[in-house]
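Notes follow once the structure below has been shown.
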Amino acid sequence: MEFGAIVMMILGLGITWGGAAVCIKIAMKSKDI
Amino acid sequence: MAQRENWGTRTGFILAAVGSAIGLGNIWRFPYMVYDNGGGAFLIPYFFALITAGIPIIIMEFGLGHKYKGAAPKTFFSINKKWEWLGWWQVLVSFVISVYYVVVIGWAVNYTKFAFTQGWGTDTKAFFFGDFLKLSSSPLELGGIVWPVFIGTALVWLITWAVLFSGVKKGIEAANKVFMPVLFVLILVIMGRALTLDGAFDGLNYLFKPDFSKVLDPKVWIAAYGQIFFTLSICFAIMITYASYLPDDSDINNNGMMAAFINCGFSMVAGIMVFGVLGYMAAQEGVGIQDVAGAGVGLAFITIPKAINLLPASWFFGPLFFISIVFAGLSSMISISEACCSAIMDKFSIARKSAVTGYVFVGFLASLIFMTEGGLFVLDITDHFINNFGIVFAGLVEVIFIAWLFKIEAVREHINSISEFAVGKWWNFCLMAITPVVLGYMGVRNLLGDLNEPYEGYAIKALVIYGWAVVLGVFILGVLIHSVTNDKD
């Protein structure tokens, strides 16, 4: 895989699953999930 | 009047909302959209569309459903009595989608069985169109019922009926608590296997290699917004309905963002899985990825079966793939049907069991046309028109109604008052400016495209019957239901 492709794949996975993780963390903080 | 049902847990609601958003499109549409629109560079407009349209609309719909505690018609009626028709329009769009979507899941049920022995043979294209669908020569030649499709579809209707019949908590929530974790595990297992195959990383390279020149192409931006609109189950009554079952103290903003991010994350994983397999297939056949890459029905029922034939332990991974398709489709099918049933229950004060049974019976009869030998053609036309005009225009009217004609600030105050974190004025701006402009442009462009050139070269008569008449019919019927029932009241 080329460097650019690796970066974009990691970026895509990071933004989506990172975003989801932050949301879940906020929900867990409020002991609501 | 009976008290409105509630979700049992927040996790249950999130899984149901995610289950609704994750559908066949995540697996067979998103990867090709990325590949065909600049590779990794497509993710830039895609995430921009997610932030400026997808998340604002899903939060808006969660907020409306939660605030007014009703399915789409009741919600719009509560805002302004003259606008109930908009809800019925969206419900009827959902109904049309459900009656053909169920047939595609029925195909996948059949293919799960074929996958154990690769019953599709070596010529997967001839098998799909000929042996399996017995495809006629045109949409105007329906022919007879294709019985394996009939049986598969009947099974999916039966499951949908059983889930909805059991209610929000014991039916929809319980089903999604099984479907979603299993779906994620299956996709991860297949992805893991795909990545260990020869040529898989060449496939991923093709998928993610960025062509940044495409970011300057307006068509790529429209494709990104289109993908976001279609992937999140927004603008056709579902999310409003699901949010109407939330308890009073629900975190709307976080729920909306969570559902959107998980859905898009699933798309990313599905893209890696699909292009990993396609990379392997291209390597095995000694062809380029461009020769095997595709989308939609062709990808799922022709290309992937061909790739499964080449896989080691194909008897194991083949069924897993099609079970994933069935689960992804079922969770969406349940949500689409619930949006319709909930509207019927709200309006006519019918008990859930009667409403669901009646809906499934009528839906099953309506889906018969898609189970015929000409069914694939009819499905293709109806799907094209209902997506490009039904969802886009109903969404445009919804956003204009809420953002411009109703006090959008009142919705923002409501959702911020009960959420862990607040959305700022940017949310109003996205809904008042960006979303209507993009949806309006998409709608006009779609309209001009179809008026200038018959879709896929089909006969005008077929396009009128299965396309234009359906799209106009659901709008007119929506207005009629509003007029007749409110006159009576």
| remark: For residue B:219 and residue B:349, extending 7 Å from Cα along the Cα-Cβ vector and measuring point to point gives, in nm, a value of 5.6 nm
| request: Could you tell me whether segment B:293-333 comes out rounded, prolate or oblate from its Cα gyration tensor? Rule is a ≥ b ≥ c as square roots of the eigenvalues, rounded for a/c under 1.5, then prolate if a/b exceeds b/c, otherwise oblate. | output: oblate
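Sorting check: for B:3-10, B:218-225, which peptide has the highest mean count of neighbouring beta carbons within 10 Å, and how do the rest follow?
Per-residue mean Cβ counts within 10 Å order the peptides as B:218-225, B:3-10.
Determine the shielding of peptide B:253-264 by partner chains: average, over its residues, the number of Cβ atoms on other chains within 10 angstrom of each Cβ.
Neighbouring Cβ atoms belonging to other protein chains average 5 per residue here.
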| query | To the nearest 20 debye, what charge dipole does chain B have about its Cα centre, counting +1 at the Cβ of each Lys and Arg and -1 at the Cβ of each Asp and Glu? | reply | 880 debye
| task | Calculate for chain B the 222 nm mean residue ellipticity that helices alone would give, adding -39,500 (n - 2.57) per DSSP H run of length 4 or more and normalising by residue count, nearest 500 deg cm²/dmol. | result | -22000 deg cm²/dmol
| task | Sort the following peptides by mean Cβ neighbour count (other Cβ atoms within 10 Å, averaged over residues), highest first: B:466-477, B:264-275, B:415-426. | result | B:264-275, B:466-477, B:415-426
| query | Using 7 Å Cα-to-Cβ label points, what is the residue B:290/residue B:469 separation (nm, one decimal)? | reply | 4.2 nm
| note | Tilt, helix B:174-195 to longest principal axis of chain B (alpha-carbon atoms), in degrees rounded to tens, equals 30 degrees
| query | What shape does segment B:340-410 take by its C-alpha gyration tensor, where a ≥ b ≥ c are the square roots of the eigenvalues and a/c under 1.5 counts as rounded, a/b above b/c as prolate, and the rest as oblate? | reply | oblate
| task | Rank by packing, highest mean first: peptides B:429-441, B:82-94, with packing defined as the count of other Cβ atoms within 10 Å averaged across residues. | result | B:82-94, B:429-441
| note | In degrees rounded to 10, the 0-90 angle between helix B:469-488 Cα long axis and the longest Cα principal axis of chain B is 20 degrees
| request: Assign one of three labels to segment B:164-247, namely rounded, prolate or oblate, based on the Cα gyration tensor with a ≥ b ≥ c the square roots of its eigenvalues; rounded applies when a/c is under 1.5, prolate when it is not and a/b is larger than b/c, and oblate otherwise. | output: oblate
| request: From other protein chains only, count the Cβ atoms within 10 Å of every residue's Cβ in B:413-420, then give the mean. | output: 1
| message | Once you keep just the Cα pairs under 8 angstrom separated by 6 or more residues, what percentage relative contact order results for chain B? | response | 33 percent
| said: At a threshold of 8 angstrom on Cα-Cα distance, excluding pairs fewer than six apart, so keeping six or more, what relative contact order does segment B:49-188 reach in percent? | reply: 16 percent
| task | Under a cut-off of 17 Å between alpha-carbon atoms, report the aspartates and glutamates in cross-link reach of residue A:25, not counting same-chain residues fewer than 8 places apart. | result | B:251, B:420
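What dipole magnitude, in Debye to the nearest 20, does the protein assembly as shown give about its Cα centre under +1 on Lys/Arg Cβ and -1 on Asp/Glu Cβ?
Magnitude of the dipole: close to 1140 debye.
Bear in mind these aren't lab numbers, they're just calculated from the coordinates by the rules spelled out. For clarity, every value in this text was computed on a predicted model and none was experimentally measured. Neighbour counts run over all protein chains shown; Cβ positions are idealised from the backbone, glycine included.
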